[in-house]
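What follows draws every value from the coordinates through simple rules; no lab data is involved. Given the structure is predicted, the values throughout are model-derived calculations rather than measurements. FYI the Cβ positions are ideal-geometry reconstructions off the backbone, even for glycines, and counts take in every protein chain you see.
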Amino acid sequence: MVLSQNSSTQHAIPFVGVLFVAVFKLPKMTKQEMWKLIRRQRLCRIAFKGDEYPYMAPFQYVVLDGTLYFHFTDYGTKMKLIENDKRVCVEIEEYREDLSEYSFIVLRGTLKVVTDPQERAKALQKLAEEGEQKLSPNFLPAHGFKKEDGWNSLTPKNTSLVAIKLENITQEIGLKSP
């Protein structure tokens, strides 16, 4: 017997001695729903191609002119990873504690170091402003700063900070709870 799905009902279809269950697929998010979610959230996960295993890390992000921006320091693992391969997956999610409602987005694209001084300053300033307004100072150590120094540490004058943007998005996947 095979179960088929027609609208919201499942039907059993006989098949000699075997029971197949139709797979239920999560509803896709519209582009508008995806961008609403992206704008509501502040943290994402970025998966990089590591040497032996994928490397994933959480990042604060901001949206400027429809582009996602992040910040790295100019040293360490993440910079080495994007030097070797700029292709990444960015995952953003939102869910209720009991998972009665959830949605998530995966964006596949490349990361690019922002070299234009004005664009870099604008991205870093927005990261600092949104961090100060919406995030605890306890998150500053994730940026490489002491929480006592405050969000003003994330300043364009700090030359060890690198602004990064997501571009060349080749796939956008947005799924949500039924």
| Using a Gaussian network for the chain with springs between C-alpha atoms less than 10 Å apart, which of these wobbles most: A47, A22, A121? | A22
| said: I want the local charge near L99. Using Cβ-Cβ distances under 14 Å, sum +1 for each Lys or Arg and -1 for each Asp or Glu among the other residues. | reply: -3
| Using DSSP loop states and a limit of at most 13 other Cβ atoms within 10 Å to flag chymotrypsin sites (Phe, Trp or Tyr not before Pro), what is the longest stretch of the chain containing no flagged site? | 76-178
| task | Please go through the residue pairs K36/K78; K112/K146; K78/K122; K78/K176; K36/K80; K112/K157 and name each one whose alpha carbons sit more than 25 Å apart in this structure. | result | K36/K78; K112/K146; K78/K176; K36/K80
| query | List the aspartates and glutamates whose alpha-carbon lies under 19 Å from that of K86, not counting same-chain residues fewer than 8 positions away? | reply | D51, E52, D74, D116, E167, E172
| If you compute semi-axes √(5λ) of the Cα gyration tensor in Å for the structure shown, which of (i) 39, 18, 15; (ii) 34, 18, 12; (iii) 47, 32, 18 do you land on? | (i)
| field | Contour excess over end-to-end distance, with Cα ends at Q133 and E172 and 0.36 nm allotted per residue | value | 11.2 nm
| request: Would you kindly state how much longer the chain becomes between D149 and T110 on full extension, computed as 0.36 nm times their sequence separation minus their alpha carbon distance, in nm to one decimal? | output: 10.9 nm
| note | Averaged over all viewing directions, the convex hull of the alpha carbons in the range 26-104 casts a projected area in nm² of 6.8 nm²
| query | Expressed as a rounded percentage, what relative contact order does the chain have, with Cα pairs under 8 Å and six or more residues apart? | reply | 25 percent
| Extension reserve of the N84-V63 stretch, reckoned as 0.36 nm per residue once the Cα distance is removed | 5.0 nm
| request: State which stretch of the chain is the longest one without any exposed GluC sites (Glu not before Pro), exposure meaning a DSSP loop state and at most 11 other Cβ atoms within 10 Å. | output: 102-178
